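Undergrad: Take this structure first; my questions come after.
The values are calculated or read from the model by the stated rules, or taken from the named source; none is laboratory data. In this text the structure is predicted, and so the values were computed from the model without any measurement. Cβ placement follows ideal geometry from the backbone for every residue including glycine, while neighbour counts extend to all protein chains displayed.
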Amino acid sequence: MEKQDPRQPEQPILVPDVPSAAEKAEEQKLIRRMQMMMNMAMQVIAQDSSLSIDEASQMIADSRKAALAMFPGKELAYDLIWKPRFQRLMRERFPIM
C-alpha cells in the first residue's frame with residue numbers, strides 16, 4: 001500500500017452533476033419549443049411572398065436571440081445547427097440576380 005505524502009492535502013473526489021428526471025424533462029421541453037419556433041420562422045420566410053429580405057433577416061436575428069436566451073452559452077450549437085439552415089433558406093428565397 002502506498003503512503004500519502006503528509007505535505008500534500010488529500011484531493012477531493014469530483015462527482016459530475018447528474019441531472020434529475022425533472023431537469024431532463026424541462027430541457028426536452030425547451031428543445032421542442034425551440035425547434036417549433038425555428039421551424040415556424042423558416043416556414044414564414046419560405047412561404048410569405050410579401051416578406052422583404054430585411055424582415056426575414058430580422059426574423060432570423062430574433063430567433064437566434066430567443067434560442068440563446070433559452071440556452072445561454074450555446075452559440076456554437078446554434079451556429080452549427082440552425083445558421084446553415086437559415087443561410088440556405090435565404091439563398092433559396094432571395095436569389096441574387
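Undergrad: Show the residue pairs meeting these rules: Cβ distance below 6 Å; 6+ apart or different chains; first residue within segment 44-65 and without any contact (Cβ under 8 Å) to a residue 40 or more places away in the chain and surrounded by 12 or more Cβ atoms within 10 Å (Cβ to Cβ); second residue assigned to a helix (DSSP H, G or I) and of a type in the set (Val, Ile, Thr).
TA: Close Cβ pairs (under 6 Å, with a partner that is assigned to a helix (DSSP H, G or I) and of a type in the set (Val, Ile, Thr)) amount to 56/45.
Undergrad: Still on this structure, I have one more. For the list (1) surrounded by fewer than 15 Cβ atoms within 10 Å (Cβ to Cβ); (2) modelled with pLDDT of 95 or more, I need the number of the one condition that residue 97 fails.
TA: (2)
Undergrad: Scan segment 23-37 and give yes if some residue there is under 26 Å from residue 89 (Cβ atoms) and polar (S, T, N, Q), otherwise no.
TA: So far as segment 23-37 goes, yes, one or more of its residues are under 26 Å from residue 89 (Cβ atoms) and polar (S, T, N, Q).
Undergrad: Among the residues of segment 82-96, is there at least one that is in a helix (DSSP H, G or I) and in contact with a Pro (Cβ under 9 Å, 6 or more places away or on another chain)? Step through it out loud before you land on a result.
TA: Pass one, segment 82-96, residues in a helix (DSSP H, G or I): 82-93.
Next, from what is left, pick out any that are in contact with a Pro (Cβ under 9 Å, 6 or more places away or on another chain): none.
No: zero hits.
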